[in-house]
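Comments concern the structure below.
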Amino acid sequence: QRFGNRIGIYHSKFTANERVEIWNKVLAKEYDIVLGVRSALFLPFDKLGLLIVDEEHESSYKQYEPSPRFHARDAGIYMMTIHKGKTLLGTATPSFESFFNAQRSKYGYVRLDSRHGDIQLPELIMADIRAEQKKKTMRSHFTSVLFDEMSNTLETKGQVILFHNRRGYAPVLECQSCGYVPQCKDCDISLTYYQAYKQLLCHYCGYKEDIPRTCKVCQSTLLKIVGFGTEKIEDDLNLYFPAYKSLRMDQDSTQKKHSYTNIIKALEDGSAQILVGTQMVAKGLDFESVRVVGILNADQMLRQPDFRAVERSYQLMAQVSGRAGRRNIQGRVVIQTSTPHHPVFEHLLKYDYEGFYNVQINERLYYRYPPFYKLIKIILKDKDNKKLEKGALEYTSKLRDHFGARILGPEYPTVSRIRGNYIMHIMVKLERSGISHDEVKQMIAIEMSNFKSIKEFKSIRHYIDVDPA
């Protein structure tokens, strides 16, 4: 409203012609402001004075596929040194790298200690899933604490947001007789059960098959779903709260052109009372009547095999908590977990980001992870697993001759085969000082060139990811 038609918007949903039109308008200086995703960095700016990176901690700023593998925040900061402009990073839960730079006075630091309009921060409530399962007070996947909060809120014409970072009806379909779980034919991953489509679907390659009536191995009809996704939660809500309309916001429910907008409008005008979704509901939503937010399974995030798992969990839970009580009434957030004594909750309940950071940053230093060390991930792929293993060991051995204990691996990632290609990772850990990173990268490239010249390993594809997120 303030800047009118001097604002341009740029993202991948536009057609090629629309993107060319925006490109030309930026070139002709018809736009003073461009609001865009990470690819907006490559528009033909002339004299860029200010770059604002909102929610700078978001992992989605990192591009994995296709190349170039870049981090839009870091690329943007570098770009602004070229333009001699300013960069503003905004977030309630800074990434450790950015906060580390602020603590070292590499970045300026401005702290906001109160919400807009001096609104109270939501009250955080822990709900112990294991204790309630023993008492048999669970209602499907809702603890009695969350169920009562939802009931009271809905009865007083409030709205509820439920967060669960898993799509589909259930992540696993399992045979109770022999334990067989349907797997994707091209990826090392179990197929996700979708009740709406009556199909099993792979989230990595899109492979799908009809839901089997009997087990493929033992022909048993005792097939059971294990775990739950957003589709199952929506189903439960229709069962327990039939008088209230619930909507689902995830990658599956927002594929149509206006579906996302329609969901937002339904929450804004009050025609829907409950929103369940993945991390899409964690940021950017501002609804006046949302008084309760439920995080259905905090443990799922904490158990990810990633050194950033605890940091990301804290950020995501803090961000989704911020959707509650954004007007005059203090909101409430119910966090369901089987490990209520996990250290992350001690800091989260007090909104103590700095205390959380101080504990975790010491672990990062001890185990040699960013921001103290620089990571370079080398990804090797081939359809022949034995050849890949042999080649990865050969290449790792050559790198270890140069860099010694700085080389970790090779190892298979959690999902070791995608679209028919087996995958192995080699990790390079480099000190921030005392070693030339350019020389390291050059040596990696030389050894890769030598490796590719070996006839046996020519088919092995490689990718290098600097600062993997």
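Just to check, using Stokes-Einstein with a Kirkwood Rh over alpha carbon pairs, what's the diffusion coefficient of region 369-427 at 10 °C and 1.306 mPa s in µm²/s?
After rounding, the answer is 132 µm²/s.
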Fill in: Cα point-scatterer Debye curve for region 124-281, base-10 log of I(q)/I(0) at q = 0.18 Å⁻¹
-1.15
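For Ser271 and Tyr78 in the same chain, what is the full-extension length gain: residue separation times 0.36 nm, less their Cα-Cα distance, in nm? Write down the numbers at each step before the final one.
On the way: separation 193, 0.36 × 193 = 69.48 nm, distance 4.56 nm.
Using 0.36 nm per residue and subtracting the Cα-Cα distance, I get 64.9 nm.
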Practice prompt. For the chain, evaluate the Debye formula with one uniform point scatterer on each Cα (no solvent term) and list log10 I(q)/I(0) at q = 0.07 Å⁻¹, rounded to two decimals.
Written response: -0.45
Worksheet, complete the sentence: By the rule of no other cysteine beta carbon under 4.7 Å, the lone cysteines of the chain are Cys205
Discussion item. I'd like the distance separating the alpha-carbon centroids of region 125-200 and region 439-469, in whole Å.
Written reply: 42 Å
Worksheet item: Which order, highest average first, do 166-177, 16-27 follow once you tally other Cβ atoms within 10 Å for each residue and take the mean per peptide?
Response: 166-177, 16-27
Discussion item. As a test of the formula, what do you get for the chain when each DSSP H run with n ≥ 4 contributes -39,500 (n - 2.57) and the sum is divided by the residue count, at 222 nm and rounded to the nearest 500 deg cm²/dmol?
Written reply: -9500 deg cm²/dmol
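Rounded to the nearest 0.05, what FRET efficiency is calculated for Ser114 and Val466 with R0 set to 41 Å and r the Cβ-Cβ distance?
Details: r = 38 Å, r/R0 = 0.94.
The value I calculate is 0.60.
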Worksheet, complete the sentence: Taking protein heavy atoms only, a 1.4 Å probe, and rounding to whole percent, the accessible area of region 220-268 owed to carbon and sulfur comes out at 52 percent
Worksheet item: How large is Rg/Rh for region 394-469, to two decimals, with Cα atoms and a Kirkwood Rh?
Response: 0.97
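I'd like the FRET efficiency for Ile9 and Asn450, computed as 1/(1 + (r/R0)^6) with the beta carbon distance as r and R0 of 45 Å, rounded to 0.05.
0.45
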Worksheet, complete the sentence: Pseudo-spin-label distance Arg419 to Phe403, built 7 Å along Cα→Cβ, given in nm, is 2.6 nm
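Using the heavy atoms of the protein chains alone and a 1.4 angstrom probe, what is the accessible area of the chain per residue in square angstrom? Before the final figure, lay out the partial values.
Working: 25570 Å² over 469 residues.
Value returned for the chain: 55 Å² of accessible area per residue.
So if each residue of separation counts as 0.36 nm, and I subtract the Cα-Cα distance between Ser105 and Ser140, what length gain in nm does that give?
Working: separation 35, 0.36 × 35 = 12.60 nm, distance 4.94 nm.
Stretched out fully, the Ser105 to Ser140 stretch lengthens by 7.7 nm.
Starting from the Cα gyration tensor of region 317-469, take the square roots of the eigenvalues, sort them a ≥ b ≥ c, and report rounded, prolate or oblate (rounded when a/c is under 1.5, otherwise prolate if a/b is larger than b/c, else oblate). Each step should come with its number before you reach the end.
On the way: a/c = 3.15, a/b = 2.00, b/c = 1.58.
The shape class here is prolate.
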Worksheet item: What ³J(HN,Hα) values, in whole Hz, does the Karplus curve 6.51 cos²θ - 1.76 cosθ + 1.60 give for region 252-269 when θ = phi - 60°, with x put for Gly and Pro?
Response: 6, 8, 10, 6, 6, 4, 9, 5, 4, 4, 5, 5, 4, 4, 5, 6, 5, 8
Worksheet item: For Val359 and Ser259, what does the FRET efficiency come to when R0 = 30 Å and r is the distance between their Cβ atoms, rounded to the nearest 0.05?
Response: 0.15
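When N is the residue count of region 74-207, what does its C-alpha Rg come to as a fraction of 2.2 N^0.38 Å? All intermediate terms of the calculation are to be shown ahead of the outcome.
Details: Rg = 23.3 Å, N = 134, 2.2 N^0.38 = 14.1 Å.
Compactness ratio reported: 1.64.
Which of Lys13/Lys377; Lys208/Lys283; Lys84/Lys283; Lys62/Lys86; Lys62/Lys441; Lys283/Lys381 have a Cα-Cα distance over 24 Å?
Working: Lys13/Lys377 30 Å; Lys208/Lys283 31 Å; Lys84/Lys283 31 Å; Lys62/Lys86 21 Å; Lys62/Lys441 20 Å; Lys283/Lys381 35 Å.
Among Lys13/Lys377; Lys208/Lys283; Lys84/Lys283; Lys62/Lys86; Lys62/Lys441; Lys283/Lys381, the Cα-Cα distance tops 24 Å for Lys13/Lys377; Lys208/Lys283; Lys84/Lys283; Lys283/Lys381.
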Worksheet entry | 14 Å Cα-Cα reach of Lys136 towards aspartates and glutamates, excluding residues that sit fewer than 8 places from it in its own chain | Asp128
Worksheet item: Long-range amide H contacts for Ile52: which residues qualify at under 5 Å (H placed 1.01 Å from N, peptide plane, sequence gap of 5 or more or a different chain)?
Response: Leu88
Worksheet entry | DSSP beta bridge pairing in the chain, given as percent antiparallel to the nearest 5 | 50 percent
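Would you please classify the overall shape of region 228-270 from the alpha carbon gyration tensor, given that a ≥ b ≥ c denote the square roots of the eigenvalues, rounded means a/c under 1.5, and beyond that prolate means a/b larger than b/c while oblate covers the rest?
Working: a/c = 3.41, a/b = 1.28, b/c = 2.66.
Since a/c reaches 1.5 but b/c is at least a/b, the shape of region 228-270 is classed as oblate.
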Worksheet entry | Net length gained if the chain between Val20 and Tyr366 were fully extended (0.36 nm per residue, minus Cα distance) | 119.7 nm
Worksheet item: At each listed q (0.13, 0.19, 0.23, 0.25 Å⁻¹), what is the log10 of I(q)/I(0) that the Debye formula gives for region 70-140 modelled as equal alpha-carbon point scatterers?
Response: -0.65, -0.89, -1.09, -1.18
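The values are calculated or read from the model by the stated rules, or taken from the named source; none is laboratory data. In this text, all values refer to a predicted model and were calculated from it rather than measured experimentally. As a convention, Cβ positions derive from the backbone with ideal geometry for all residues, glycine included, and neighbour counts pool all protein chains shown. Accessible surface is based on the protein model in full, side chains and every heavy atom, while ligands, DNA and RNA are left aside. Shrake-Rupley method; radii C 1.70, N 1.55, O 1.52, S 1.80 Å.
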